[in-house]
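Asks: Encoded as structure tokens, here's the structure I'll be asking about.
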Amino acid sequence: MLADEHGGDRAAYPGVRLDFSTSVGPLGTPPAVAQAITAAIPAIDRYPDPACRGLRAALAAHHGLTASTIACGNGAADIIHRIAWALRPRRVLTFAPTFTEYAHSARAVDAEVIHQPLSPPYFDLTDATLAAVTDGIDLVFCCQPNNPTGRLTAADRLAQLVD
């Protein structure tokens with residue numbers, strides 16, 4: 001697998017039983033999900049609502065928000081690319097190792113990608129890694145928890161990053 005290749009290519013690695021490079025459950029499809037898919041088959045010949053009105057309304061009601069404050073996408077990678085296309089940053093900072101879609105989305109809008117290495121063994125954000133966030137950086141992608149390390153960044157450290 002290449003350094004910035006997205007995981008989940010089961011055809012290229014047929015012997016892999018558990019693939020932690022994607023957010024796919026190793027236990028298979030839950031029965032309730034299979035039932036929902038089966039129930040939706042009569043409408044399979046129609047495009048879904050591109051504005052996700054029903055989903056946004058349900059999420060808004062559940063979280064006490066207005067639907068206009070909720071954006072939906074076709075997975076995390078789609079949302080990441082939408083952010084890059086909306087903001088059109090010139091310079092993007094990612095911490096490495098991390099989810100490769102950050103760099104892919106930045107390159108798609110011709111942004112320069114700066115990879116700030118995280119130090120083993122824990123790959124946590126430190127004062128040194130936060131120092132890479134300078135005025136010349138237009139966008140910082142920070143995974144929480146980080147992928148692929150699975151490490152959570154402490155709330156106070158995230159606050160420093162935001163500041």
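The values are calculated or read from the model by the stated rules, or taken from the named source; none is laboratory data. Everything numeric here is computed off the predicted structure, so don't read it as measured data. Cβ placement follows ideal geometry from the backbone for every residue including glycine, while neighbour counts extend to all protein chains displayed. Calculation scope for accessible area: heavy atoms of the full protein, side chains included, ligands and nucleic acids excluded. Shrake-Rupley method; radii C 1.70, N 1.55, O 1.52, S 1.80 Å.
Asks: Provide the net charge surrounding residue 136, with neighbours chosen by a C-beta distance below 11 Å and charges set as Lys +1, Arg +1, Asp -1, Glu -1. Before the final figure, lay out each step's value.
Replies: On the way: positive: 90, 91; negative: 112, 135, 138.
With Lys, Arg at +1 and Asp, Glu at -1, the neighbours total -1.
Asks: Still on this structure, please answer the following. Using the 4.7 Å Cβ rule, please list in number order the cysteines from the chain without any candidate partner.
Replies: Cysteines of the chain left without a disulfide-compatible partner: 142, 143.
Asks: In region 32-163, what percent of the accessible surface is made up of carbon and sulfur (1.4 Å probe, ligands and nucleic acids excluded)? Numbers along the way, then the final one.
Replies: On the way: 5160 of 8630 Å².
That share works out to 60 percent.
Asks: Right, here's the next one. Which order, highest average first, do 56-69, 90-103 follow once you tally other Cβ atoms within 10 Å for each residue and take the mean per peptide? Mind dumping the intermediate values first?
Replies: Details: 56-69: 11.9, 90-103: 20.6.
Packing proxy ranking, top to bottom: 90-103, 56-69.
Asks: Identify which of the listed values of P(r) over Cα pairs in 5 Å bins from 0, in percent was calculated from the structure shown: (i) 2, 9, 19, 23, 22, 15, 7, 2, 1, 0; (ii) 1, 7, 12, 14, 16, 18, 14, 10, 5, 2, 0, 0; (iii) 2, 8, 16, 17, 14, 12, 9, 7, 6, 4, 3, 1, 0, 0.
Replies: Here the calculated entry is (ii).
Asks: For the chain, what is the charge dipole size about the Cα centre, in debye to the nearest 20, if Lys and Arg each add +1 at the Cβ and Asp and Glu each add -1 at the Cβ?
Replies: On the way: 12 positive and 16 negative charges, 89 e Å.
Here the chain has a charge dipole of around 420 debye.
Asks: Using a Förster distance of 30 Å, how high is the FRET efficiency between residue 11 and residue 41, based on the Cβ-Cβ distance and rounded to 0.05? Show your work: numbers first, answer last.
Replies: Working: r = 26 Å, r/R0 = 0.88.
In this case the efficiency is close to 0.70.
Asks: Which of the listed residues, 60, 75, 48, is farthest toward the dipole's positive end in the chain, when Lys, Arg count +1 and Asp, Glu count -1 at the beta-carbon?
Replies: 48
Asks: Still on this model: Using amide H atoms built 1.01 Å from N in the peptide plane, name the residues 5+ places from residue 112, or on other chains, whose amide H lies under 5 Å from its own.
Replies: Residues meeting the amide H criterion: 91, 92.
Asks: With a 1.4 Å probe and all protein chains in place, put 13, 47 in order of accessible area, largest first.
Replies: 47, 13
Asks: Starting from the 7 Å offset along Cα-to-Cβ, what nm value, one decimal, do you get for the label separation of residue 27 and residue 161?
Replies: In this crude spin-label approximation the distance works out to 2.9 nm.
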